[in-house]
Amino acid sequence: MRVVVSGLLVLISTSLVLNGAEVASADVRGAYPILTTPYLADGSVDYDSLVKEAEWTDAAGVQGIIWPQSDDSIDLLTTEEKKRGMSALAKASKGFRARLCFGVEGRGTDEMLELARHGETLAAECDTRIVFISRPADDCRTQDDLERYYEALAAVVKRPVIIQTYNGDKCPAPSVELLVRLAECHPAIYGWIKEEVRDGFAANRRMKAELAAKPPLKTIFSAWGGWQWLYQSRRLGSEGVISERAALAPMLAEIWRLMETKDESGALDAAYAKYLLAINLMQTVPGDLRGYQLVFFKEKGIFKTTVSRVCVDKDKDPYAWKLDVLEVDEGVRTEIMRRCEK
């Protein structure tokens, strides 16, 4: 009789885990912009402005807010700076409609685990809706390395983790088979994917395979700035976007709303065309992803400066940085605000 009861308990426990994953998967989807890290004039992280940026992004109506996850915030911040920013955001997120998502990764497994444990502590203290995102560690070189890395993460977290498939050309992308295996072994933790291998056509091929593997895979997000988002949503079935585009949060929220209503009136095409016009600014304004967003947030009174930490020489040392201050003339500033205002 004990054996039967024990077996029933195992079945019930497994069912609860699976149902929890299914409930979470319905919620971990949509527009998840990554916050751009603000700095003070001396190059220190401006945590007050980071919180204001998150509050503004939440008010725009997006489904999730991610930090730290852009290259500069992963590579050029110390672990302590990341933890301090995570703490500030967790405290502010108590009133958010959007789900807060912490980036937990780094140079190796140890740094990832330190951030994950900190995130779990914050989730327990502040908001159980917090989830994680993690790209491969900088030192991963094989599929076995990746599997050990994500198994180590699964041992310390209790909530969904979005796996980002890209981290530079030295790290391999997790194979679709590995993503499926992780989701099968840890259904409440894995199965959410940010698909962003560098080659856009390869990303589409992988996305088709990932979507065909639902379940155990759950939500497949578009990435790389969302330049393929409409195609991937309409023709492949992606269910959201993840990119460092917080300044465009109102546009992202509107595009997702129209996607969800299966809009065929032309409003979705028009909204997406406006978004593409805005992200084209990174081709004409210095600073890559950050440039036009720094100007936008400073004009909005959310950032105090247009200061960035930038790599001295990424090929020689991806973690060494210097300060850069972006200066633009009035014409450029006007064009940025015209394109970015919804």
Could you check the simple spin-label distance between Thr121 and Glu81, using points 7 Å along Cα→Cβ, in nm with one decimal? 2.1
Please list 3J(HN,Hα) in residue order for segment 178-185, calculated via the Karplus relation 6.51 cos²θ - 1.76 cosθ + 1.60 where θ = phi - 60°; whole Hz, with x for glycine and proline. 5, 4, 5, 4, 4, 5, 5, 6
At R0 = 22 Å the Cβ-Cβ FRET efficiency linking Thr334 and Ala59, nearest 0.05, sits at 0.35
Gain on full stretching of the segment that runs from Asp145 to Asp315 - 0.36 nm per residue minus C-alpha separation: 59.0 nm
For segment 204-219, in residue order, the Karplus 3J(HN,Hα) values (coefficients 6.51, -1.76, 1.60; θ = phi - 60°; whole Hz; Gly and Pro = x) are 5, 5, 5, 4, 4, 5, 5, 5, 6, 9, 8, x, x, 5, 10, 10
Whose amide H sits under 5 Å from the amide H of Gly30, counting only residues 5 or more places off or on another chain, with H placed in the peptide plane? Gly240, Val241
Formal net charge of residues neighbouring Val161 (Cβ-Cβ distance under 12 Å; K, R +1; D, E -1): +2
Cross-link reach from Lys94 to aspartates and glutamates, straight Cα distance under 18 Å and at least 8 residues apart if same chain, gives Asp27, Asp48, Glu53, Glu55, Asp58, Glu120, Glu125, Asp127
Applying a 10 Å radius around every beta-carbon, put 259-266, 306-313 in order of their mean neighbour count, most first. 306-313, 259-266
Phi-derived 3J(HN,Hα) across segment 329-338 with the Karplus relation (6.51, -1.76, 1.60, θ = phi - 60°), rounded Hz, x for Gly and Pro, is 7, 5, x, 5, 4, 5, 5, 4, 5, 5
Pairwise label distance in nanometres, Glu260 with Leu323, each label 7 Å out on the Cα-Cβ vector: 4.2
If the chain between Asp42 and Asp27 were fully extended at 0.36 nm per residue, the gain over the current Cα-Cα distance would be 1.5 nm
Listed residue pairs exceeding 26 Å between alpha carbons, taken from Lys91/Lys214; Lys83/Lys322; Lys82/Lys322; Lys52/Lys316: Lys91/Lys214; Lys52/Lys316
Measure out, as a whole number of angstrom, how far apart the alpha-carbon centroids of segment 285-333 and segment 246-279 sit. 26
Just how large is the dipole of the chain about the Cα centre, in debye to the nearest 20, putting +1 at every Lys and Arg Cβ and -1 at every Asp and Glu Cβ? 940
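Bear in mind these aren't lab numbers, they're just calculated from the coordinates by the rules spelled out. Note that the structure is predicted; figures quoted are calculated from it, not measured. Virtual Cβ from ideal backbone geometry, glycine too; neighbours counted across all protein chains shown.
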